[in-house]
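Only one structure is covered here, and it is reproduced in the block below.
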Amino acid sequence: MRTQPTGPEPQMPEKHYLNATYGIRSWLLTTDHKRIALLYLASVTLFFFIGGFFAMMIRLHLLTPNGYLLSADTYNRMFTMHGVAMIFFFLIPSIPAVMGNFLIPLMIGAKDLAFPKINLLSWYVYVVGGMFTLWSMVNGGLDTGWTFYTPLSTVYSNSAVAPAVVGVFITGFSSILTGLNFLVTIHTMRAPGMTWFRLPLFVWAHYATSIVMILGTPVVAITLGLAGMERLFGLGFFNPAMGGDPILFQHLFWFYSHPAVYIMILPAMGVISELIPTFARKKLFGYHFVAAASLAIAVIGFLVWTHHMFVTGQSTYAAVAFSFLTFLVAIPSAVKTFNWTATLFGGSISFDTPMLYAFGFLGLFLVGGLTGLFLGSLGTDINIHDTYFVVAHFHYIMVGGAVMGYLGGLHFWWPKITGRMYPEWLARIAAFILFIGFNFTFFPQFILGIMGMPRRYHVYPPEFQIYNVMSTAGASILAVGYLLPMVYLTWAAFYGKVAGENPWPATGLEWKTQSPPLTENFEVTPVVTWEAYDFHNRPDLGLDVPGGHGPRIVAPAHGDD
Amino acid sequence: MQSPLPIFPEQASNFAGNVDALFLFILMTTLFFAVLVTVLVIFAAFKFRRKSEKEVGDEVEGNLVLEIGWTLIPLVIALGIFAWGAVIYVNYRIAPRDTLDVYVIGKQWMWKLQQPNGRKEINELHVPVNRNIKLIMGSEDVIHDFYVPAFRVKMDVVPGRYNTMWFRPTKVGKYHFFCSQYCGTNHAVMGGWVTVMDPAEYAAWLSGESGDVNPVSAGEKLFTQLACVTCHLANGTGRAPSLNGVYGAKVLLADGSTVTADEAYIRESILQPKAKIVAGYQPVMPTFQGLVTEEQILNLTAYIKSLQSQPVPAKGAGIAPAAAGKK
Amino acid sequence: MHRTGSLYGQFKTLEQQKDTATLGMWIFLVTEVMFFGGIMLAYTINRHTYFHAFAVGSNTLSLPLGGFNTVVLLASSFTMAMAVWSAQSGKKQLISIFLTLTILLGFVFFGVKYVEYAQKFHHHLVPGKNFDISYCVDNPSKCEDISAADLERERGEIEEAKAADPNLNAHAQLYYSAYFGMTGLHALHMVIGAGLLLWLLKGSLAGQFTAEWNNPVDIVGLYWHFVDIVWIYLFPLLYLIDRHK
């Protein structure tokens, strides 16, 4: 059953944040969190295409075992830059910087984030970091792997390591500033009545993500700083020739980079926690547990980094301890998955595009998360570490999970951001294409890993070819699945059907204001008296609640200030 | 033992059976939960699909028993998997006492191995079946990794320290090994073969070698085996000059002088590569002193001689320009 | 967002603005702890592994200069605290005076640091090709700023250390990597702090800080104190290794 907004045809509001002021300066010097979100949307999309281009080169090259398309050095640059672009410049900022920025003030009833100028600064920092990295890419590229292991990156590599390291270092501060802004905003800027446990789970997810951002990112900053110093000025912490230790680099690097994967997935989980209640028209099952699980993932996520280093020859006891902790961090994600599933039971489910993405997320994150068990288990990890099994595992989570969440959220909130709806049937087709293309691309890679194909290989033994060909075929379908939304979402922003205030309808505060919102978000600060996702107590949504709405009365949307 | 699924490599070591069993257990468990959740989701999606436009779902907050249940049960299963994996790992990391020790050095982009009696190998490891083998491994430059899928074993080699790894091969045969820690340009070709032999054959192999009658083909095999081919690319794009046409020609050296590439020059280049550096190239060739016998040098020379008639690349040959014109 | 007086448009009350800014600064300082923490970890591990080289390295630092700088920074924290107090008490002129004193003390610190760094460059103690822990001991004429007695002591220390660690020179470079890394990072933060103080001074001279609204002074004060505390860690870690002899 498809959601149909009821009532007369909605009209575009006269004044909103997009037409409040005109000119390039009003965009480049804006402090409006919504405009900054769109600035980020443009830049992360650019880097998504750059990373996607490198991915295309990788998959095309791997069609044949002898690698006729690219030279070894060029291939090594392709996979490195694919990783750097996608992780640091797309995945980590994506949902927080685009959707978090846009929505958090709206969801909590605030006029803006706590520090609007710092928000703008964070975008410029991202851009400067991005420019350094782009410079590295066009000046010979980077071939160390996105993990920059020493001494390969600091001593032996002949590629443009220094500018890339500087670029990633700088962009890290964008992440830190965003996290800082979110944490403070959620603490001090909530509207009256918006208590902690009435917050949408999207906000909880971003709170947990922000904790990870501010505690983890400085560590990778200093690590890359030291690595850069080593490459440029001969400092020796990671150089065995000087008594330094390459494994120290790995510890410092993974201390951030493991929590970083939670920076990438927690916001997506937050999106799913909005989509499922909305499109099942039912409260999220176990709200408190899901909120607690987000925090648990953030905290325990800091305690597992050495599971990336089980075969480095470190202490056996350390390995056992970290494997144990790794299994612990799996549990909150399982809890969330069960809660999302339970929400469906007794719901009233529609299959609008955002919900299709939520279903896709459930299936793909399930596979990705469960395959983590093979890797967290020491006995099996020895065998599949650094093979395509790992590559498949993280792509299932980062693409099957995070990108599905990103796209689902983009579709869900596109009417709020632009005031217009995207074309529903085209969007559903694109979602299916994505899902099918994704599985064809990455499932064969699990097989390759089990068969023993190592990762980061520009040539491979011929017995691995069939699965590589399958994977490349899937990738071409996946590419179509990505291009379609780029095109129709852009089209819809200008020519889509006018959406109105709350087309779904959904229960969040962001839907109690016009689409697109005013610059200051709300004409009058809302006063919140309802729980999250409380379809049974929201007469303003115009839905049929058996037995009438509950005793709690919703305050008028535009109450006294 | 036969591998459980066709995609698994052969099981050729003492660890393989246990590792595969654990893998299968995890697979069964994860399949169970994956199917369970998938079925539940699909079922719910159909049973509770929206029937009228303004319908809402039921009012349900949650259920404490379920929450505790689906926290504790996965926790117990997870810890079970952890424990099994940890036991395998601890066993894997603590080598038994009576091992046959082989020294392994990884470097960009080849493996040098040394048997207990001093016999050296490049990109090959010969071991006897049913003996505990310990590899003591180091790196000359960056981090590499020695991975034998059929044995289910893998260990990084880290510069500045030694890492050890042990296994007991249980099946005679030849098994691929790979470098599986990204180490630069030729990471993907830095592999080779582990040959597991009967003890008697191993002993015989250790003390001597079987010769190949035809020196050129023996030399050609050596040229690949010793990884010369990774740098001396025939088309001249490698780190070392192409050897096509080099025998008998004049070679231009870095110091400006020229030398004729005769047998002595070839032998010197193999044993003391830094003595004469070809113009435009870096002195990165490792010495093969101690790694090749005189007989093998002769075979290599015969092979290189046979490259006289191969096409000389325009760029990347070591031949002095004037001499190239004459040819 | 428009600003009405001191109140920024996204806030409802000055109280909310103050709480928000203060929380923001505390969270930022937490990120700084993580930032310095990384290099402190590298320092700790290397000091443990190469204690002799670290001890030799530490003994080439000037205790008087380091001690003096420590006193300077502590004094600057005092003057900063006085600036905050002046702001809270509404004594506008005093704010500017104390801020100026803090800035001056900061510059004194930079001056001393410059002298120390210059010395290191002259004595071939910068990690890199020319690094040589024994440079001054082997070339006393090139290191005239070290007394003969001190050179003798250093020679003895180096010899003793070499016996325990034949690769002393390489490992001493690690000490200096830590030294320049940590003090350099700290100095960079002080430069930023000085910039913030100058910005505060500008506001203070314009009379912007009152007893009602003095939050910027407060939170820059937090930052300055943090930078001071980092130095309180750095001083013993770098200057006081094995000094009891």
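The values are calculated or read from the model by the stated rules, or taken from the named source; none is laboratory data. This structure is a prediction, so every number in the text was calculated from the model and none was measured. As a convention, Cβ positions derive from the backbone with ideal geometry for all residues, glycine included, and neighbour counts pool all protein chains shown. Each accessible area value is taken on the protein alone, full model and side chains, heavy atoms only, with ligands, DNA and RNA left out. Shrake-Rupley method; radii C 1.70, N 1.55, O 1.52, S 1.80 Å.
Do you know which residues across the range A:307-322 are more than 10 Å from chain B (Cβ to nearest Cβ) and either within 23 Å of the chain's Cα centre (by Cα) or surrounded by fewer than 19 Cβ atoms within 10 Å (Cβ to Cβ) (or both)? So that I can check it myself, show each step before the final result.
To start, the set of residues in the range A:307-322 that are more than 10 Å from chain B (Cβ to nearest Cβ) comprises A:307-308, A:318, A:322.
Those that are more than 10 Å from chain B (Cβ to nearest Cβ) and either within 23 Å of the chain's Cα centre (by Cα) or surrounded by fewer than 19 Cβ atoms within 10 Å (Cβ to Cβ) (or both): A:His307, A:His308, A:Ala318.
Kindly check whether there is at least one residue in the range C:4-12 that is modelled with pLDDT under 95 and part of a helix (DSSP H, G or I). Spell out how you get there, then give the answer.
Initial filter on the range C:4-12 (modelled with pLDDT under 95): C:4-12.
Of the ones still in play, those that are also part of a helix (DSSP H, G or I) are none.
Taking every residue of the range C:4-12 in turn, none turns out to be modelled with pLDDT under 95 and part of a helix (DSSP H, G or I).
Test B:Tyr182 against the criterion of being assigned to a loop (DSSP other than H, G, I, E, B), of a type in the set (Phe, Trp, Tyr) and modelled with pLDDT of 90 or more, and give yes or no.
yes
Of the conditions (1) in contact with a Lys or Arg (Cβ under 8 Å, 6 or more places away or on another chain); (2) open to solvent by less than 30 Å² (accessible area, probe 1.4 Å); (3) within 14 Å of another protein chain (Cβ to nearest Cβ); (4) not in a loop (DSSP other than H, G, I, E, B), B:Trp193 satisfies every one except a single condition; which number is it?
Single failed check for B:Trp193: (2).
Run down B:Val41, B:Val19 and say which single residue is at the interface with chain A (Cβ under 8 Å from one of its Cβ atoms), part of a helix (DSSP H, G or I), touching a residue at least 60 places away in the same chain (Cβ under 8 Å) and at negative phi.
B:Val19
Just to be sure, is A:Ala334 within 8 Å of chain B (Cβ to nearest Cβ), open to solvent by 10 Å² or more (accessible area, probe 1.4 Å), in contact with a Pro (Cβ under 6 Å, 6 or more places away or on another chain) and not polar (S, T, N, Q)? It would help to see each step written out before you state the result.
Values: within 8 Å of chain B (Cβ to nearest Cβ): yes; open to solvent by 10 Å² or more (accessible area, probe 1.4 Å): yes; in contact with a Pro (Cβ under 6 Å, 6 or more places away or on another chain): yes; not polar (S, T, N, Q): yes.
The answer is yes for A:Ala334.
Is there a residue in the range C:6-22 that is away from chain A (no Cβ under 14 Å) and in contact (Cβ under 8 Å) with a residue 40 or more places away in the chain?
Yes, there is a match, as at least one residue in the range C:6-22 is away from chain A (no Cβ under 14 Å) and in contact (Cβ under 8 Å) with a residue 40 or more places away in the chain.
Residues are listed down the side, and each one gets a yes or a no for (1) within 18 Å of A:Leu375 (Cβ to Cβ); (2) without any contact (Cβ under 8 Å) to a residue 40 or more places away in the chain; (3) facing chain A (nearest Cβ under 7 Å):
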position: B:Lys54; (1), (2), (3): no, yes, yes
position: B:Gly57; (1), (2), (3): no, yes, yes
position: B:Val60; (1), (2), (3): no, yes, yes
position: B:Ile68; (1), (2), (3): no, yes, no
position: B:Ile73; (1), (2), (3): no, yes, no
position: B:Leu79; (1), (2), (3): yes, yes, yes
position: B:Gly85; (1), (2), (3): yes, no, yes
position: B:Ile88; (1), (2), (3): yes, no, yes
position: B:Tyr92; (1), (2), (3): yes, no, yes
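If we keep just the residues of the range A:112-132 that are in contact with a Phe, Trp or Tyr (Cβ under 7 Å, 6 or more places away or on another chain) and open to solvent by 20 Å² or more (accessible area, probe 1.4 Å), which is farthest from A:Trp196 (Cα to Cα)?
Restricting to residues being in contact with a Phe, Trp or Tyr (Cβ under 7 Å, 6 or more places away or on another chain) and open to solvent by 20 Å² or more (accessible area, probe 1.4 Å), the top hit is A:Val125.
Could you please give the count of residues in the range B:113-165 that are in contact (Cβ under 8 Å) with a residue 40 or more places away in the chain and at positive phi?
Going through the range B:113-165 one residue at a time, the tally reaches 3.
Would you point out the residue of the range A:441-468, among those that are polar (S, T, N, Q) and over 18 Å from A:Gly372 (Cα atoms), that is most open to solvent (accessible area, probe 1.4 Å)?
Among residues in the range A:441-468 that are polar (S, T, N, Q) and over 18 Å from A:Gly372 (Cα atoms), the one most open to solvent (accessible area, probe 1.4 Å) is A:Gln465.
Determine whether B:Arg131 is farther than 26 Å from B:Phe8 by Cα and among the basic types (Lys, Arg).
no
Does any residue in the range A:509-533 that is charged (D, E, K, R) come within less than 6 Å, Cβ to Cβ, of a residue that is open to solvent by less than 40 Å² (accessible area, probe 1.4 Å) and part of a loop (DSSP other than H, G, I, E, B) six or more places away or on a different chain, and which pairs are these?
Matching pairs, first to second residue: A:Lys512/A:Ala557.
So which residues in the range A:474-494 are of a type outside the set (Ser, Thr, Tyr), open to solvent by 50 Å² or more (accessible area, probe 1.4 Å) and under 17 Å from A:Phe54 (Cα atoms), if there are any at all?
Within the range A:474-494, A:Ile477, A:Val480, A:Leu483 meet the criteria.
What about A:Leu284, is it modelled with pLDDT of 95 or more and not in a helix (DSSP H, G or I)?
yes
So A:Gly346 fits all but one of (1) within 7 Å of chain B (Cβ to nearest Cβ); (2) surrounded by fewer than 22 Cβ atoms within 10 Å (Cβ to Cβ); (3) without any contact (Cβ under 8 Å) to a residue 24 or more places away in the chain; what number is the exception?
Failed condition: (3).
How many residues are of a type in the set (Val, Ile, Thr) and closer than 20 Å to A:Phe464 by Cα if we restrict to the range A:383-433?
Total meeting the criteria: 4.
Suppose we filter A:Pro240, A:Pro259 for residues that are within 12 Å of chain B (Cβ to nearest Cβ) and touching a residue at least 40 places away in the same chain (Cβ under 8 Å); which single one remains?
A:Pro240
Answer yes or no as to whether A:Leu325 is within 10 Å of chain B (Cβ to nearest Cβ), touching a residue at least 12 places away in the same chain (Cβ under 8 Å) and not β-branched (Val, Ile, Thr).
So A:Leu325 passes the test.
Cβ-Cβ below 6 Å, separation at least six or inter-chain, first residue in the range C:74-93 and closer than 15 Å to C:Leu200 by Cα and β-branched (Val, Ile, Thr), second open to solvent by 50 Å² or more (accessible area, probe 1.4 Å) and at pLDDT 95 or above: which pairs?
C:Thr79/C:Leu101
Do any helices (runs of 4 or more DSSP H) entirely within the range B:236-327 hold 2 or more residues that are at pLDDT 85 or above and of a type outside the set (D, E, K, R), and if so, which?
Of the helices (runs of 4 or more DSSP H) lying wholly inside the range B:236-327, those with at least 2 residues that are at pLDDT 85 or above and of a type outside the set (D, E, K, R) span B:263-271, B:294-306.
When you go through A:Thr144, A:Thr150 one by one, which is the residue that is open to solvent by less than 10 Å² (accessible area, probe 1.4 Å), in a loop (DSSP other than H, G, I, E, B) and in contact with a Leu (Cβ under 6 Å, 6 or more places away or on another chain)?
Numbers: A:Thr150 fails: in contact with a Leu (Cβ under 6 Å, 6 or more places away or on another chain).
None of the other options fit; the residue is A:Thr144.
Output the residue which, of all residues in the range C:149-174 that are part of a helix (DSSP H, G or I) and open to solvent by 80 Å² or more (accessible area, probe 1.4 Å), is farthest from the other protein chains (Cβ to nearest Cβ). Give the steps one after another, and end with the answer.
To start, the set of residues in the range C:149-174 that are part of a helix (DSSP H, G or I) comprises C:149-164, C:168-174.
Subset that is open to solvent by 80 Å² or more (accessible area, probe 1.4 Å): C:152-153, C:155, C:159-160, C:162-163.
Details: C:Glu152: 27, C:Arg153: 24, C:Arg155: 22, C:Glu159: 19, C:Glu160: 18, C:Lys162: 14, C:Ala163: 17 Å.
Among those residues, the one meeting the criterion is C:Glu152.
Can you find, within the range B:264-301, the residue that is least open to solvent (accessible area, probe 1.4 Å) among those that are more than 27 Å from B:Lys315 (Cβ to Cβ) and touching a strand residue (DSSP E or B) at 6+ places or on another chain (Cβ under 8 Å)?
Residue satisfying both the conditions and the ranking: B:Leu291.
A:Leu366 passes all but one of (1) surrounded by fewer than 24 Cβ atoms within 10 Å (Cβ to Cβ); (2) within 7 Å of chain B (Cβ to nearest Cβ); which number fails?
(1)
Please return the ranges of helices (runs of 4 or more DSSP H) entirely within the range A:2-95 where 3 or more residues are within 14 Å of chain B (Cβ to nearest Cβ) and either in contact with a Leu (Cβ under 6 Å, 6 or more places away or on another chain) or open to solvent by 40 Å² or more (accessible area, probe 1.4 Å) (or both).
Here the list reads A:72-84.
Assess whether A:Trp135 counts as being within 21 Å of A:Trp305 (Cα to Cα), of a type in the set (A, V, I, L, M, F, W, C), away from chain C (no Cβ under 14 Å) and surrounded by fewer than 20 Cβ atoms within 10 Å (Cβ to Cβ).
no
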